[in-house]
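Every number here is computed from the coordinates shown, using simple stated rules; none is lab data. Nothing here was measured: the structure is a model prediction, and the numbers come from that model. No Cβ is skipped: glycine too gets one built from the backbone with ideal geometry, and neighbour counts run over all protein chains shown.
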Amino acid sequence: MKKFWKTGEPYVLATGAALAIVLVMTITLIGTVVFNGFSYYWPKELVRFELKDGSYALGQIMQHEKNPINGDRRLQLKVANRDVFGQDFRWIDEKEITTRTLPADAMLLERREHGNFFGFLMGVTAEGLDFPAASTPNQKLELALKLVATKNQATRKIKDQMSDLNNRAERIRLKLLKLEYRDKEKNSSEIAELTVEREKAMADFNALNEQLIAARAGITSITAQFLDVTGAGKDIAVFDIVAHQYPNSMSFFAKCGAYLERVRELLLDDPRESNTEGGLFPAIFGTVMMVLLMSVFSLPFGVVAAIYLREYAKDGLLTRMVRIAVNNLAGVPSIVYGVFGLGFFVYGIGGSIDSMFFPERLPTPTFGTGGILWASLTLALLTVPVVIVATEESLASIPKGIREGSLALGATKYQTLTKILLPMATPGIMTGLILSMARAAGEVAPLMIVGVVKLAPALPFDGSFPFFHMDRKFMHLGFHIYDVGFQSPNVEAAKPMVYVTTMLLLAIVIVASSTAIYLRNRMRRKFTTSTF
Amino acid sequence: MKKNFTDKSRRNDRIAEVLIRIGGVMVIISVVWILVMISQVALPLFYPASAKIAASVKLPATISNSKILAVGSGENQQGAYVLDDSGTFHFLTVPDGTLSASIKAPNIPLGAARVVSAEYTGKSDYNLLWDNGAISSVAVEMSSSRDAGGKVSLSHDVSARDELVFAAAGTVVHSFARLMEGQGTVRVDRLVGDRLRVTHQLVEKDFLGNEKRSNNSFEISDPLPGRLSAVAVDSKGHYLYAGTDTGWLLRWDISEPDQARLLDNIQVSVDRQAITSLALVLGDVSVAVGNAKGALSTWFPVKLAGSGEDRRLIRIHTLRPTGGQATVILPSPRSKTLITLDDKEIHADHMTSERNLLTIPLSTPIVKAALSPKGNSLCALDNAGMLKVWKLDIPHPEISFGTLFGKVWYEGYDKPEYAWQSSAANDDFEPKMSLVPLMFGTVKATLFAMMFAVPLAILAALYTSQFMSPKLKGRIKPLVEIMAAIPSVVIGFLAGLWLAPLIDKSILTVFLSIVLVPLLLLITIFFWKRIKINSLLQRLTRGQEFVAMIPLVVLGCYLAFLLSGIAEIHLFAGDFKQWLFSSLGVRYDQRNSIIIAIALGFAVIPIIFTIAEDAISNVPRNLTAASLALGASRWQTAWRVVLPSALPGVFSAVMIGFGRAIGETMIVLMATGNTPILSWSLFNGLRSLSANIAVEIPEAPVFSSLYRVLFLSAVLLFVFTFIINSVAEVLRQRFRKKYGRY
């Protein structure tokens, strides 16, 4: 035993334990996110409890725990029906429960507003819709949903036209502003023309709006009648129903179908209810576009700087200073980049652009406020060191003989670089690019300052000229997590959504960085095994 | 053709070289540029104030012959006015000095002929005291507009404010009148012979809407310790301040309609100099006192130990003395700045920062002076009849090194403190911008996180690099690198919304697992040799011991969780948090420093791990081989040979981790309550510099003091991380050089 201590084997075990703690923590973190993220969309059973005081409760069991006051077991029930009960969740002491059942006809509704509704379908009222005589309430609901969907198509068309008109009116307004700013007298004829055009567009818009209101009224008059668990009736417009299901009587495959449908909604739909429900499409789109835009800026600069350091600079004081500067850039806190972006890009360059090109719009800023362009530039600055370091590393790992061979054959340095070195270093550069993209996708602090918003009215890329709207604010997955998790009024109800967003972001980042690490390791192996 | 090609190649080569060099140098420039740029925004905080004389005009003889009671100027230094004793406002355009209009005050009380004195009550409102003892109130309005041709035209008006008409009897030297919110009006008169009279006019409305006014008047009966030399009343009419020629400062509560209560009676200066001027600083909390020797100080009531609930006036700030007798103190209507006049100079000081902002020397003594409603221009009339208007530019008076890094006694506080509170609902709020609690928060978060992360990361790196089987190492290293890529917002979210409530439920688990996991480890070590023989664990031989440790860690934490319930009941009367509060007086925040230590530690572990592991692995193999060949065990080799050689690299890893922890924003933002407090307690939250920037900058108006202070904190963060990273980098390069030749 004494020898065992003397050789230090116990200490080896201690270091092993340190590694074990680190691994356990990582696994716990990823496990928690994955478990909570995946389970949120799985249709949970609706349990009906009869309580000792004779009342009923219907809902999904969220968790069991010990009541901190009296030490009894209790469970947290998601009862939904926020507009009726006031709260989404309630605690029930288990000894209060007399019976629990799973009513097959208990229905879960996802609504456009007020969160979910749990209850029992009684009937459907729809004017001008003849239901087959023997149809059940459920069949009626299906028919009504179909009717609403077709009617909604028409309103959507009107809406599209309206948004076109609105865009046109806005463009004309800006043009008018410009003309008036430049020279009111000289352009008076054009101004008059445009004013007429704008008024016409607005009149059309208003006419369409009335149509829309009429159509909406026609849709919302179709309602379904429900009973909640306390026996109180509730009328819900069929239009407000996003999805409905009988979780207690669903087969496994039906549940899978419902799950996939929710995933589709998550990836492709817009958020609802101040981001706590619905999809993440604008956030995903904003993140991807910002990251791509960032790569456009960071890749060339990073590669050029790395080439300079590795191939051109002589190993002197200057080079060492550049190296230190690059490493420092990587170590500067990201919030400092945000502050820099705000001061330099947004108020500095953006402010100058506004006063030079859009003076007529002031004091409403165009580029002088946070936007996707400034956010991308800020993050490009933040991630350039990653690209530099990775590129340099991959250039350094190319054996010297290859360079010398190329030069000896009469190629210039530039030719050697473009024809020999860069193609060989491509995997390394890709690694750096992917790593920098992963970093940018996960970075939030600087973005909060230079252009991310909780809800952007329009995507930074759309069908209206000039397609890429660099001045627009955008949504971002990481900020979505912070905003929904910490700033929303009902954090408890929003939590599952945050887990889903977190899982998505984590998946993106982990897939990207594993690819990068894999590429890098393969490249290392390739060059270290070559026999130069 | 061939030659063309080579020429072209050469040319391309040269162009490329130039371009690439430029690109490289750009990188250095951009680093420097970032620092320059953010410093450039922060620097104006320390710029001195300036005053530019905008106009100096001779008053027309007709006006200057009469007695001038008040002067004033507009915002743009384009117009000024004087009030003479007939109650006429004469408006002048400056700088040319032509008289543009003379408007007589409206609503002159019956039987009044001459104005005795005028009291400026702020926002261009004046209370005029007439020779028959009545008070009327007027508002002066000046505005300028620019027409299409760019010509500026001025307009002015004098209107009556009916709510403050107040008749009284007796010979009054000077008087104050104030509207008391919902209680009518109060008037304080300074009568001949050092008497002070307070009159309340109560307005009662009966149910028909008829107003009934009743006057209630009394004289202050408290004996004065000297002759009255200065009087001031706060803007709500609650407190009356008086100074005597023997240096006593008195304060009465006059909010009750039937009596004045003497609250304070104190000697202001040791040498019993006469108090020559009194003025209330914006916000009505502090009173500024100037004396005959030019000493200037501000006072406000403070709850003192031993005096119960009563608050007594205390000298809070001593400002730089002026040369001569402080005749007038003008409080700025926008900040806690005070303009003091004596015979030789004009002084501008800020109360909170105690900065002397500005000194304007005077050739002739000033008779009357006033600040414009926004406080950006000063208008003064000297005894030669010259009316002068200064444009004041006082950029950030409340900021000084003292307020940023020192203890400051803020209004309403019982003692000087370090405090951060940048904004409040009202305008007269005193901004508290001490960076100390934020720097403290940063250091606290970083230190706790490092205490958690450094041992784990370095030991794990040592194990991975020295003891782990190479095959496994190829898998574990990428795993840790992926861990480094986990966005901080994810860690912050889990720390704030998952870990914090979890630890909140059973805080003892954390402490118990710190004890139990090593204990279990010791027990395992004890049995290790025997366990190893066991065939089931045969596979866990050299290089894979950590796999066996994983269940051990999980088991330890679980046991700790089980035990914590028992311990809480038996040792801490069932509720640890309650016990903590009642026996140690420590409040428990759900988002506290333990959460931060774990979350922030988790974020920096992979960084330290990766760099340290690289450094340890880069120690040449022949050193290890030599050590092992001489009979050292693998631990002895690792601990005595490898680790000391790799120490600079490991140290640089720690430094880089440190730098990352200092600047980390999202985790600190989400996992703490963001309370800027100075407490080392594990159970309290904190606010770090970086999180503070993220919280406050979206609301900070551009180029305001707050905006610049936030930039200053960014500069601090930059410089601090720059130093740490540079040191780490130099160490690392040296380390590389040392072993690069192997």
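Find, to one decimal place in angstroms, the Kirkwood hydrodynamic radius of chain A, where the mean of 1/r is taken over every pair of different Cα atoms and then inverted. Answer for chain A: a Kirkwood hydrodynamic radius of 28.6 Å. Annotation: amide H of residue B:54 within the under-5 Å range of B:389, B:390, B:391, sequence separation 5 or more or interchain, hydrogens built in the peptide plane.
Along the axis of the charge dipole computed for the protein assembly as shown (Cβ charges of +1 for Lys and Arg, -1 for Asp and Glu, origin at the Cα centre), the listed residues B:221, A:5, B:561 are led at the positive end by A:5. Using 17 Å as the cut-off for backbone N distance, which residues of the range B:343-357 belong to the label zone defined by a point 7 Å from the Cα of residue B:56 along Cα→Cβ? Those under the cut-off are B:343-347.
Taking the Kirkwood radius as the inverse of the mean 1/r across Cα pairs, report the Rg/Rh of the range B:431-500. Write out the running numbers ahead of the final one.
Values: Rg = 17.3 Å, Rh = 15.1 Å.
Here the Rg-to-Rh quotient is 1.14.
Restriction of the trypsin sites (Lys or Arg not before Pro) in the range B:190-267 to DSSP coil positions whose beta-carbon has at most 16 other beta-carbons within 10 angstrom yields B:227, B:236. With a Förster radius of 30 Å applied to the C-beta separation of residue A:211 and residue A:135, the computed FRET efficiency comes to 0.40. With an a/c value of 1.5 or above and a/b larger than b/c for the gyration tensor axes a ≥ b ≥ c computed over the alpha-carbon atoms, the range B:251-372 is described as prolate. Once both labels are positioned 7 Å from their Cα atoms along Cα-to-Cβ, the gap between residue B:505 and residue B:36 label points is 5.6 nm. Relative to the dominant Cα principal axis of chain B, helix B:545-571 is inclined by about 50°. Stokes-Einstein diffusion of the range A:118-183 at 10 °C, 1.306 mPa s viscosity, Kirkwood radius from Cα pairs, rounded to a whole number: 101 µm²/s. Panel note: the C-alpha atoms of the range A:7-125, placed on their principal axes, show extents of 82, 36, 25 Å (largest first). In this entry, the range A:376-532 is assigned a mean projected area of 12.7 nm², taken as a quarter of its C-alpha convex hull surface. Distances longer than 19 Å among the Cα atoms of the range A:221-346: what percent of all pairs is that? So the portion of pairs separated by more than 19 Å is 74 percent. Stokes-Einstein, applied to the Kirkwood radius of the range B:583-719 over Cα pairs at a viscosity of 0.890 mPa s and 25 °C, places its translational diffusion at 136 µm² s⁻¹. Taking the C-alpha atoms only, the angle from helix B:643-663 to the longest principal axis of chain B is near 30 degrees.
Would you list the membrane-span-like helices of chain A, meaning whole DSSP H runs whose alpha-carbon atoms span at least 18 Å along their axis and whose mean Kyte-Doolittle value is at least -0.5? Both cut-offs are met by A:9-39, A:188-220, A:252-268, A:281-307, A:317-331, A:372-396, A:422-442, A:491-529. Using C-alpha pairs below 8 Å separated by at least 6 residues, the relative contact order for the range A:119-271 is 32 percent. In whole angstrom, how far apart do the alpha carbon centroids of the range A:45-65 and the range B:204-262 sit? A separation of 67 Å, based on Cα centres. Computed with the Debye formula from one identical point scatterer per Cα of the range B:61-157, without solvent, the log10 of I(q)/I(0) at q = 0.16, 0.22 Å⁻¹ comes to -0.66, -1.12.
Computed extension gain for residue B:367 through residue B:236, at 0.36 nm per residue and net of the alpha carbon distance, reaches 44.4 nm. Overall shape: oblate for the range A:236-296, with the ratio a/c of the largest to smallest alpha carbon gyration tensor axis at 1.5 or above and b/c at least equal to a/b.
Based only on other Cβ atoms within 10 Å, what is the fewest-to-most ordering of B:504, B:271?
B:271, B:504
Restricting the trypsin sites (Lys or Arg not before Pro) of the range A:269-327 to loop positions (DSSP other than H, G, I, E, B) with no more than 14 neighbouring Cβ atoms within 10 Å leaves A:314. Find how many whole Å separate the alpha carbon centroid of the range B:267-319 from the alpha carbon centroid of the range A:183-225. Here the answer is 65 Å between Cα centres.
Neighbour counts of other Cβ atoms within 10 Å put B:22, B:275, B:667, A:172 in the fewest-to-most order B:22, A:172, B:275, B:667.
Cross-link partners for residue A:175 among the lysines, with Cα-Cα distance under 29 Å and sequence neighbours closer than 8 places in the same chain left out: A:157, A:159, A:184, A:186, A:200, A:473, B:151. For the range A:103-203, a simple Cβ point-charge model (Lys and Arg +1, Asp and Glu -1, everything else neutral) yields a dipole of about 340 debye relative to the Cα centre. Our helix-only sum for chain A, with -39,500 (n - 2.57) per DSSP H run of n ≥ 4 divided by its residues, gives a mean residue ellipticity at 222 nm of -19500 deg cm²/dmol.
Annotation: Cα Rg of chain B relative to the compact-globule expectation 2.2 N^0.38 Å equals 1.35. Our helix-only sum for chain B, with -39,500 (n - 2.57) per DSSP H run of n ≥ 4 divided by its residues, gives a mean residue ellipticity at 222 nm of -12000 deg cm²/dmol. Translational diffusion coefficient of the range A:337-426 (Stokes-Einstein, Kirkwood radius from Cα pairs, 4 °C, 1.567 mPa s): 80 µm²/s. Within the range B:337-410, the proportion of C-alpha pairs whose separation exceeds 15 Å stands at 57%. The share of C-alpha pairs in the range B:394-551 whose separation exceeds 28 Å stands at 52 percent. How are the C-alpha pair distances of the range B:614-672 spread across 10 Å bins, as whole percents from the shortest bin up? Per 10 Å bin, starting at zero, the Cα-Cα P(r) for the range B:614-672 comes out as 22, 34, 19, 16, 9, 1 percent. Ordered by the number of other Cβ atoms lying within 10 Å of each residue's own Cβ, fewest first, B:718, B:440, A:468 fall into the sequence A:468, B:440, B:718.
Based on the alpha-carbon gyration tensor of the protein assembly as shown and its eigenvalue square roots a ≥ b ≥ c, which shape applies: rounded if a/c is under 1.5, prolate if not and a/b is larger than b/c, or oblate? Prolate shape, in that a/c is at least 1.5 and a/b is the bigger ratio. Projecting the Cα positions of A:97, A:124, A:181 onto the charge dipole of the range A:62-200 (unit charges on Cβ atoms of Lys, Arg, Asp and Glu, taken about the Cα centre) puts A:181 furthest along the positive direction.
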